[in-house]
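Peer 1: Mind looking over this structure? Questions follow.
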Amino acid sequence: MNFLLPCGGIMNNIDLLKTITNYKKIKNPAYPAQESLLIHLYIRVNDKIQSIIENELSEYRINTSTFMVLVSLYMSDDYCQSPSDIYKELQFSKTNITHIIDKLEKKNIAKRINNKNDRRSKSICLTPDGVTLAQKLINTQNVMLKKIWSGLSDDEMKTFELANKKLLSNLNVN
């Protein structure tokens, strides 16, 4: 398969992706070209957003999962949650939650304390250093999110949200 570039110019990745997808459609009329293009674009956007987020978080030497746990704790009453509540909210494995909490404890960002409502269980609470770190990270996230979505209008974001909800609902049914 040869793809000629018009006037010797450089074709950007999206144009090349469209060209390849259209070629596949010509070779096989049953090929779902639009659906394939959307999946490829979705994967590329997701990868790029993940890269931006990971780059911002690397300054603080944490990963995305740890960041999500910190935000979850920060948004909770008294900056505390049970491990099972974190698990339910974030849908991480219990092993992963335990590993993240262990790392946060070693860095004095969070601590396990006896649950005041159930003596048999522990709560995970942010330390003062953890609260400060979470506030910095949330401020960084706010700037990052505004930058990521700045190229879309409010209507485009609402359409994107609606399409993603429908897609997710469809995937959960099948």
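Peer 1: Please say if the chain is rounded, prolate or oblate, where rounded means a/c under 1.5 for a ≥ b ≥ c the square roots of the C-alpha gyration tensor eigenvalues, and otherwise the choice is prolate for a/b larger than b/c and oblate otherwise?
Peer 2: Prolate shape, in that a/c is at least 1.5 and a/b is the bigger ratio.
Peer 1: Starting from the Cα of His40, step 7 Å along the direction of its Cβ; do the same at Thr132; then give the gap between the two resulting points in nm.
Peer 2: 4.9
Peer 1: For the chain, what does -39500 (n - 2.57) per DSSP helix run (n ≥ 4), summed and divided by total residues, give at 222 nm, in deg cm²/dmol to the nearest 500?
Peer 2: -22000 deg cm²/dmol
Peer 1: Using every alpha carbon pair in the range 62-116, what percent of pairs falls into each 5 Å bin from 0 up to the bin containing the largest distance?
Peer 2: P(r) for the range 62-116, in whole percents per bin: 4, 20, 36, 29, 10, 1, 0.
Peer 1: Mind listing the Cα extents of the range 33-125 along all three principal axes, in Å, largest one first?
Peer 2: Here the spans come out as 58, 28, 23 Å, largest first.
Peer 1: What distance in nm separates the simple spin-label points at Asn55 and Leu90, each placed 7 Å from Cα in the Cβ direction?
Peer 2: Label at Asn55, label at Leu90, 2.4 nm between them.
Peer 1: For His99 and Ser65 in the same chain, what is the full-extension length gain: residue separation times 0.36 nm, less their Cα-Cα distance, in nm?
Peer 2: So the chain would gain 11.2 nm between His99 and Ser65.
Peer 1: Please give the FRET efficiency for Asp78 paired with Asp154, using the beta carbon to beta carbon distance and R0 = 25 Å, rounded to the nearest 0.05.
Peer 2: 0.10
Readers should treat all values here as calculations from the given coordinates under stated rules, not as data from a laboratory. Not measured: the values here are computed from a predicted model. For neighbour counting, all protein chains shown are included, and Cβ atoms are generated from backbone atoms with ideal geometry for every residue, glycine included.
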